[in-house]
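*Asks:* Let me give you the structure first, and then I'll get to my questions.
The values are calculated or read from the model by the stated rules, or taken from the named source; none is laboratory data. Everything numeric here is computed off the predicted structure, so don't read it as measured data. Note that each Cβ is placed from the backbone with ideal geometry, even for glycine, and that neighbours are counted across all protein chains shown.
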Amino acid sequence: MVTNLGAVLVNIVWFTFDDMATTIDEHMAELGRRWNFMKGTLAGGFPNKVKDFGEVLTSLAKSDQAKTEFLLPPFYNNLVENLRTKEGYSYEDISRQVRLYVPARQKGAKKARRNKGGASGTKGRGKKEDRY
């Protein structure tokens, strides 16, 4: 059972947001699925030998603050920290703000990559007659 509880925790801990490969909405939906899987698994109870570990994980699974901590990688810590400094912010409040901020950042990054790629894409081609 400890291995199963550990695997449930690892499923959350190792899940990170890659803003080059997915959107924030996709990431948050997957985090929600994983979080609910963890909560459902923990609701089944635990044998006595892992009761303490199970109870700690159950408390973690019930905590919006913990879910917020796993929401984004360290790159976004400043954004989340700024949001958390306001009293009474829930996971839903923070996720709503993140959904506004991250897509704008992703669009800016894609535009910068396109501009950079366009300039370097012509580099070294030379004239048509030079290539033959």
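*Asks:* Only one of these conditions is not met by residue 15: (1) at pLDDT 80 or above; (2) part of a helix (DSSP H, G or I); (3) of a type outside the set (Ser, Thr, Tyr). Which number is it?
*Replies:* The single condition residue 15 does not satisfy is (2).
Let's see how each residue does on (1) loosely packed, with under 12 Cβ neighbours inside 10 Å; (2) among the aromatic types (Phe, Trp, Tyr):
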site	(1), (2)
8	no, no
20	yes, no
25	no, no
28	no, no
32	no, no
35	no, yes
38	no, no
41	no, no
47	yes, no
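*Asks:* List pairs: first in segment 1-30 and under 29 Å from residue 47 (Cα atoms), second surrounded by fewer than 12 Cβ atoms within 10 Å (Cβ to Cβ), Cβ under 6 Å, 6+ apart or cross-chain?
*Replies:* Close Cβ pairs (under 6 Å, with a partner that is surrounded by fewer than 12 Cβ atoms within 10 Å (Cβ to Cβ)) amount to 1/47.
*Asks:* For segment 89-104, what are the residues that are exposed (fewer than 14 other Cβ atoms within 10 Å of the Cβ) and outside any helix (DSSP H, G or I)?
*Replies:* 90
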